[in-house]
Amino acid sequence: MSNKEQYLVRTEPFYQAQGREVILYEAAYAARLPVMLKGPTGCGKSRFVEYMAWKLGKPLITVACNEDMTASDLVGRYLLDANGTRWLDGPLTTAARMGAICYLDEIVEARQDTTVVIHPLTDHRRTLPLDKKGELIEAHPDFQLVISYTPGYQSLMKDLKQSTKQRFTAFDFDYPEAALETQIVAQESGLDAATAATLIKIAQTARNLKGHGLDEGISTRLVVYAATLIKRGVPPQDACRMAMVRPITDDADIRATLDHAVDASFA
Amino acid sequence: MVTGVRQVPDARGRSYAHPQVQAAWQALDCGFAAVADVFEECMNAALASFSKPQLDAYLEAARVIGKLGRGPEPLLAFLEEWPTVAAAASGDQEPLLPQVMGTIRVMQKSPNSKAITPFLQTLAAVARRLQSAEQIEVYLDIALNLMARTTGSIHGHHTTFPSPGLPHFLEQAPRLLSLLSTAGLRNWTDYGIRNYANHPERQIDYFSLQSADSHAVLQRERHGTLFADVERKLDLYLRALWRDAEQLVPYSTAFDELRKPIPYFDKLGMRVPDVFDDVQGPRGAIGGLERYRAVLAHMAGHRRWSSSIIADNYSPFQRMAVEFFEDCRIETLLIREYPGLRRIFLALHPLPGEAECDPETTSCLRHRLAMLSYALLDPQHPYTNPQLLEFTARFHETLGEGTSSTREMADLALSYVARTRRQSDQFAKVHFDNTVIDYRDDNRHLWQYIEDSDDEEFFDDPVKQNKKPAEVLSLPPRRYPEWDYQSQTYRPDWASVYEALHPSGNAADIDRLLEKHAALARHLKRLLDLLKPQDKVRIRYQEEGSDLDLDIAISSLIDYKCGVAPDPRINMSHRTDGRSIDVLLLLDLSESLNGQVGGQVGQKVGAGGTAGQTILELSQEAVSLLAWAIDCLGDAYAIAGFRSNTRHEVRYQHIKGFSERWDDTVKARLAAMEAGWSTRMGAALRHAGHYLAARPAEKKILLLLPDGEPADIDVTEPGHLRSDARKAVEELAAKGVTTFCLSLDPNADEYVRDIFGKRWRVLDRIERLPETLPSLYMELTR
Ligand SMILES: Nc1ncnc2c1ncn2[C@@H]1O[C@H](COP(=O)(O)OP(=O)(O)OP(=O)(O)O)[C@@H](O)[C@H]1O
Ligand SMILES: [Mg+2]
């Protein structure tokens, strides 16, 4: 089961560094410190972890957390088979045993009890107790825990507890500045730089409305979508409406404003 | 009859040189000297434009008007104005004159003969606006309709009193029609008739454009894009495209015809017109919203790239040129940011013809600059003037890839004025046509004055006018519209809601009430504990779950071993039960609450209530218990009361805010609860709703406790406030607020169903309120 090979990132993912995050991450890994990646949706957090895993040559196990997720989904549970019950490791346990980087995406989405199970893994103990099985796992020396967290995106009910937050080193991500983001979009989609720059400009108009009717602006991911559509021959205005404006809002006034921005951005 | 006229010698004997005029004067048979004085002039105009039959009809009509017994004014007005009216409705004036005379006759026969003079005095101006006999007939119809519906109805007397509003309406007609279509005029008039048929003073205020609602309805009926309708879009536009969060302040274009205000910005905000009509230019149609955006983009550009320079060193010509160059620099930079703006600017920018201005007779600098301005924005401009081409090139060179500066534009402008100077630039007659670029602001921000000059006054004036009023001590009222189901429109800004903290009494009284209901409270507590968010609820029979459910796993295993298909749902999981509820409890504090519980017909005082208790006291107990219960549950809640004394005074009393705790301060307010006045439900619902709508919870509940039908002393029409309340409930639903009504009026079924749809309950035994209210709440939020 725990086949290390299958979790290795084989080809180099394209990651455009925004600052010194690559070196700093390497330092955190060297000390096996847990890492928290903060930032809005679609700004490159997952891509960064993937890239780091590749660069460090370590296996990567990613878990997308959701509301229905419980501690057992991370740690493992008993299953039933012909011989009775059988224990199955969860992804976190697998990572701890094998020495992988375990990336828990949007950890706050999971239930409160989930966050508590990671506590012993994140301090000097580096252990994972499997209560139901009566086993205590010592984490592999290569194991590292990474979580992502989008502040202010969830309801007030969902926030990380201080006792959880204070177990991590943290990186603040944001949408890159225009020139860099243009480069990313051009590289990812193969679109020309001038059109990519226009798309970024439109994305920024929406980001200016964050907190004024928009919870979140247009992400890099959506810009890449729009660029991909244009590259495939969709007229730019249509591509922008479909990939950048429509997905983010149902508010008619905001839609009208962003549609206008799209029209005004193309001569 | 008319005093002062008799003493004057009869003018019938006046003689005129022109035989035709003389004959006409004879036919008119008029003794007014004032008419005789202008008659020749009027006849000359009439002779020039009328055919013989038209002239005869004109004179005959004049003769009739002269004999109405209303003095010389109506006749003077008719003689002077009719040729204009006829010209405006040219082609089909034949049917129009009888119509007008018919109108005059109806007025003469009614008590409204005084209105004939203003009617004739403004008719020409009205005709100039309407430009067709058909439209003028609509206008006559509106006026007659107004007359018929406002005459003699006062105090129920019969056709004895003239319409108070009619003469004012006729006086205002030209101005009204400059803003409204005839359809809009009809709506505006209808509104005044409907609401003020029985109030002579208010009717006069309305039709003479003195009252606030008269303005408000006028605004609503105007053509074009109203600022009020697009304000949010404009805020978003500024913020999204220009990162500018400046306050937008509309100025009125309807009541300032002389000055024709221009957009501008200062410390207090960006000033824009309150309405923009769509324009249908030769270079494309631009809607009102796009025009607003053009204005805002231009001002945002100035705010980003312009700096101010000292004005004193420049002549007025030089300043004008600097402004043109600077405006073009700003727009060039704007277009660089958003290339799509070029189309909008060019469609709104005049394109003056090169030969339009004659430099021999007229000052043409404005004209030259307007052409240059167009050329600077449109590379495909049609102009060939070498100086224009030279400066266009120099402008683009100065800008290059950078942003240049106001300073550099000023230098370029000075050199332009010097190079293109003409003697005639000094002429008093300035060519204005086709040179006004109305999306540009007045550039007051560009100039700094060291010395006071005459110009200064012009710049200061609007700032002074817009001074903030002195800090007010009490909260100003919030105005809410009211739904008028007869016309299916809102009456704008109709009800004024004053909000205040409820006065405080003795908190211990509430604690005593709670003690009195200790047994009930214990019972409630058990129910509450069931409802309370339980951190974990077990869900069994799950195929995927967090834990193995051993009982089921074993039986499945047995099944499996016996060769029977096992139940795969051997896991269980837990669910955390969160509540996200905000509730606002809105109490009707109107007079009827003072009634005795026992005093109601068919009411038996039960164990809970004490004989002689008022409904108010009972409500206090119930609300205290509910507040305590919600507090146990941990939901966020607020409490407020309302009552009204006409639409001008709706009181909204704040008892507990969402962020306040259930403590002695709040209990003290509850203890001082008092009843009085009436129940204007819609206004209170809207006000409460605006608080709830701003709350974060998933479920927002407005729990209303009325004890009677909506009513107020200024409303006689049954059903009006009821339909308004229903409308208010619909508005709240649209904002995500659920309204629920628990009526204390046992006979409420009919109207609460009408207002609240399915969300209501009527309390049959009011003495049970203290236990019903909290249990109802628990049921609603389970
Ligand atoms: N710095 C970057 N280098 C390369 N690609 C990037 C970068 N930033 C963003 N992208 C692009 O944006 C897309 C979204 O990034 P990613 O999936 O990492 O977002 P995320 O921050 O993890 O979002 P979420 O919080 O929604 O999971 C990527 O697929 C990639 O195309
Ligand atoms: Mg991600």
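Residue by residue through segment B:383-405, note down the ones that are part of a loop (DSSP other than H, G, I, E, B), within 46 Å of the chain's Cα centre (by Cα) and either in contact (Cβ under 8 Å) with a residue 12 or more places away in the chain or not assigned by TED's automatic domain parsing to the domain that holds B:C328 (or both).
Once the filter is applied, which keeps residues that are part of a loop (DSSP other than H, G, I, E, B), within 46 Å of the chain's Cα centre (by Cα) and either in contact (Cβ under 8 Å) with a residue 12 or more places away in the chain or not assigned by TED's automatic domain parsing to the domain that holds B:C328 (or both), segment B:383-405 yields B:Y383, B:T403, B:S404, B:S405.
Between residues in segment B:224-245 that are within 7 Å of chain A (Cβ to nearest Cβ) and residues that are buried (at least 19 other Cβ atoms within 10 Å of the Cβ) and hydroxyl-bearing (S, T, Y), which pairs lie under 7 Å by C-beta distance while being six or more apart or on different chains?
B:K233/A:T257; B:L236/A:T257; B:Y237/A:T257; B:A240/A:T205; B:A240/A:T257; B:L241/A:T205; B:L241/B:Y338
Condition first: at pLDDT below 90, more than 25 Å from B:T189 (Cα to Cα), surrounded by fewer than 18 Cβ atoms within 10 Å (Cβ to Cβ) and away from chain A (no Cβ under 14 Å). Can you find one or more residues in segment B:268-277 that meet it?
Yes: segment B:268-277 contains one or more residues that are at pLDDT below 90, more than 25 Å from B:T189 (Cα to Cα), surrounded by fewer than 18 Cβ atoms within 10 Å (Cβ to Cβ) and away from chain A (no Cβ under 14 Å).
With the structure loaded, tell me whether A:Y78 is aromatic (F, W, Y), within 30 Å of B:K561 (Cβ to Cβ) and either within 14 Å of ligand 2 (Cβ to nearest atom) or open to solvent by 40 Å² or more (accessible area, probe 1.4 Å) (or both) or whether it fails that test.
yes
Could you please find all residues in segment A:123-150 being over 26 Å from B:G545 (Cβ atoms) and away from ligand 2 (no atom under 16 Å from the Cβ)?
A:D123, A:H124, A:R125, A:R126, A:E138, A:A139, A:H140, A:P141, A:D142, A:F143, A:Q144
Being within 13 Å of A:A82 (Cβ to Cβ) and either surrounded by 12 or more Cβ atoms within 10 Å (Cβ to Cβ) or in contact with a Ser or Thr (Cβ under 8 Å, 6 or more places away or on another chain) (or both) is the filter here; which residues of segment B:548-571 pass it?
B:S556, B:L557, B:D559, B:Y560, B:P566
Select from segment A:1-33 the residues that are within 14 Å of ligand 1 (Cβ to nearest atom) and part of a helix (DSSP H, G or I) and list them in ascending order.
Hits for segment A:1-33 are A:E21, A:V22, A:Y25.
Looking for something within 16 Å of ligand 2 (Cβ to nearest atom) and either free of Cβ contacts under 8 Å to residues at least 12 places away in the same chain or open to solvent by 60 Å² or more (accessible area, probe 1.4 Å) (or both) - is there at least one such residue anywhere in segment A:84-91?
There is no residue in segment A:84-91 that is within 16 Å of ligand 2 (Cβ to nearest atom) and either free of Cβ contacts under 8 Å to residues at least 12 places away in the same chain or open to solvent by 60 Å² or more (accessible area, probe 1.4 Å) (or both).
Within the group B:L144, B:L185, B:L123, B:L140, which residue is assigned by TED's automatic domain parsing to the domain that holds B:G69 and under 27 Å from the mean Cα position of the chain (by Cα)?
B:L185
Out of A:A194, A:A186, I need the residue that is more than 28 Å from A:A27 (Cβ to Cβ), among the small types (G, A, S) and within 16 Å of ligand 1 (Cβ to nearest atom). Which one?
A:A186
Tell me which residues, restricted to segment A:102-150, are in a strand (DSSP E or B) and within 16 Å of ligand 1 (Cβ to nearest atom).
If the condition is that a residue be in a strand (DSSP E or B) and within 16 Å of ligand 1 (Cβ to nearest atom), then A:C102, A:Y103, A:L104, A:D105, A:V146, A:I147, A:S148, A:Y149 are the ones that fit.
Residue under question is B:V230, and the condition is that it be surrounded by 17 or more Cβ atoms within 10 Å (Cβ to Cβ), touching a Phe, Trp or Tyr at 6+ places or on another chain (Cβ under 8 Å) and at pLDDT 85 or above; does it hold?
yes
Yes/no per residue for (1) assigned by TED's automatic domain parsing to the domain that holds A:P247; (2) β-branched (V, I, T):
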{"residue": "A:Q166", "(1), (2)": "no, no"}
{"residue": "A:Q183", "(1), (2)": "yes, no"}
{"residue": "A:A186", "(1), (2)": "yes, no"}
{"residue": "A:L191", "(1), (2)": "yes, no"}
{"residue": "A:T195", "(1), (2)": "yes, yes"}
{"residue": "A:N208", "(1), (2)": "yes, no"}
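Does segment B:334-378 hold any residues that are free of Cβ contacts under 8 Å to residues at least 24 places away in the same chain, outside any helix (DSSP H, G or I), open to solvent by 30 Å² or more (accessible area, probe 1.4 Å) and closer than 20 Å to B:H298 by Cβ, and which are they?
Of everything in segment B:334-378, just one residue is free of Cβ contacts under 8 Å to residues at least 24 places away in the same chain, outside any helix (DSSP H, G or I), open to solvent by 30 Å² or more (accessible area, probe 1.4 Å) and closer than 20 Å to B:H298 by Cβ, namely B:P339.
A quick yes/no check of all residues on (1) closer than 30 Å to A:S265 by Cβ; (2) touching a Pro at 6+ places or on another chain (Cβ under 6 Å); (3) surrounded by fewer than 23 Cβ atoms within 10 Å (Cβ to Cβ):
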site: A:K133; (1), (2), (3): no, no, yes
site: A:I137; (1), (2), (3): no, no, yes
site: A:D142; (1), (2), (3): no, no, yes
site: A:L145; (1), (2), (3): no, yes, no
site: A:D172; (1), (2), (3): yes, no, yes
site: A:Y175; (1), (2), (3): yes, no, no
site: A:A179; (1), (2), (3): yes, no, yes
site: A:A194; (1), (2), (3): yes, no, yes
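If we scan segment A:236-259, do we find a residue that is more than 14 Å from every other protein chain (Cβ to nearest Cβ), surrounded by 16 or more Cβ atoms within 10 Å (Cβ to Cβ) and in contact with a Gly (Cβ under 7 Å, 6 or more places away or on another chain)?
no
Collect the residues in segment B:183-227 that are hydroxyl-bearing (S, T, Y) and open to solvent by less than 20 Å² (accessible area, probe 1.4 Å), keeping them in residue-number order.
B:T189, B:Y191, B:Y196, B:Y206, B:S208, B:S214
Please work out which residue is surrounded by the fewest Cβ atoms within 10 Å (Cβ to Cβ), limiting yourself to segment B:617-639 and to residues that are among the charged types (D, E, K, R) and in contact with a helix residue (DSSP H, G or I) (Cβ under 8 Å, 6 or more places away or on another chain).
For segment B:617-639, the residue satisfying everything is B:D635.
Show the residue pairs that are 6+ apart or on different chains and have beta-carbon atoms under 7 Å apart, the first residue being within segment B:290-317 and among the acidic types (D, E), the second being part of a helix (DSSP H, G or I).
B:E290/B:I344
Suppose we keep only residues that are more than 16 Å from ligand 2 (Cβ to nearest atom) and more than 14 Å from every other protein chain (Cβ to nearest Cβ) within segment A:93-114. Which one would you say is most open to solvent (accessible area, probe 1.4 Å)?
My answer is A:R97.
Step by step: first the residues of segment A:222-235, then only those that are surrounded by fewer than 18 Cβ atoms within 10 Å (Cβ to Cβ) and in contact (Cβ under 8 Å) with a residue 24 or more places away in the chain, then the one that is farthest from the other protein chains (Cβ to nearest Cβ). Which residue is that?
That would be A:T228.
Quick one: in segment A:34-70, which of the residues that are assigned to a helix (DSSP H, G or I) and away from ligand 2 (no atom under 12 Å from the Cβ) is farthest from the other protein chains (Cβ to nearest Cβ)?
Ranking the qualifying residues of segment A:34-70, first place goes to A:K55.
The values are calculated or read from the model by the stated rules, or taken from the named source; none is laboratory data. All values reported here derive from a predicted model rather than from experimental measurement. Here the Cβ is made from the backbone with ideal geometry for all residues, glycine too, and neighbour counts use every protein chain on show. Ligands, DNA and RNA are stripped out before the accessible areas are found, and what is left, the full protein with its side chains, is counted by its heavy atoms. Shrake-Rupley method; radii C 1.70, N 1.55, O 1.52, S 1.80 Å.
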